[in-house]
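Okay, so here's the structure we're looking at.
Taken together, the values in this text are just the output of simple stated rules run on the coordinates, not laboratory data. All of these numbers come straight from a predicted model, not from anything done at the bench. Neighbour counts are summed over all protein chains in view; Cβ atoms, including those assigned to glycine, are modelled from backbone coordinates with ideal geometry.
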């Protein structure tokens with residue numbers, strides 16, 4: 001199975017801050033990497049697919065980059081509604097695997 | 001819009017069985033694969049299984065192989081997960097999620113989930 005190592009596990013930032021989350025795959029997954037967020041009590045929501053493509057309707061302050069084994073998720077300006085847990089996910093091979101999650105809080 | 005509604009969760013004793021269902025609407029169900037993903041209380045996401053658009057291909061995570069069976073009825077736009085010989089570690093919210101493609105992709109739309117609690 002492909003292991004996804006995500007960091008940090010939690011993050012506290014202020015409104016307007018730039019936030020960065022990293023995800024490392026245990027083997028080359030090309031660009032088969034997605035980012036989701038999950039607000040408390042809700043289902044996960046897809047934000048970024050294929051490492052860097054923004055889902056239609058998702059604000060442009062969200063972005064992703066990377067390929068191979070190293071990936072980065074960036075929130076350019078944190079807003080109060082962005083409070084959630086963020087997950088990376090690889091779909092290069094089954095089983096699909098997720099990172100451990102990053103809990104994002106407002107400072 | 002895409003809508004997925006899970007049902008069938010509840011409290012069940014270890015070793016017993018439970019069947020989850022997922023009712024889909026807002027898209028052409030027979031064209032897309034469907035996943036089950038679970039989340040233990042306070043934990044992260046764990047992929048469980050996927051079924052192809054036509055039901056011919058099914059894949060499972062190792063921990064549920066031989067105990068869980070995923071199936072679909074394209075005439076009724078429904079997905080099922082038959083869970084046998086349940087264990088305490090199967091306690092989780094179970095989400096069904098539409099695949100981006102025919103079952104070879106990734107979840108792009110998710111239901112709200114149904115809670116399964118395995119406890120004596």
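Largest mean-square fluctuation among A:17, A:82, A:50, in a Gaussian network model of chain A whose springs join Cα atoms under 10 Å apart, belongs to A:17. Projected onto its three principal axes, the C-alpha set of the protein assembly as shown covers 48, 39, 34 Å, listed from the longest axis down. Each DSSP beta bridge with both residues in chain A is either parallel or antiparallel, and the antiparallel ones are about 90%. For A:71, B:95, what ranking results if the residue with the fewest other Cβ atoms within 10 Å of its Cβ goes first? Exposure proxy ranking, most exposed first: B:95, A:71.
Relative to the compact-globule estimate of 2.2 N^0.38 Å, the Cα radius of gyration of chain B comes out at 0.98. A simple spin-label model places pseudo-atoms 7 Å from Cα toward Cβ; at residue A:12 and residue B:89 they are separated by 3.4 nm.
Model label sites at residue A:72 and residue B:13, defined 7 Å from Cα along the beta-carbon direction, differ in position by 5.6 nm. Put simply, the Cα atoms of segment A:26-107 extend 34, 24, 24 Å along their principal axes, the longest span coming first.
Distance from the C-alpha centroid of segment A:82-102 to that of segment B:19-83: 18 Å, rounded to the whole angstrom.
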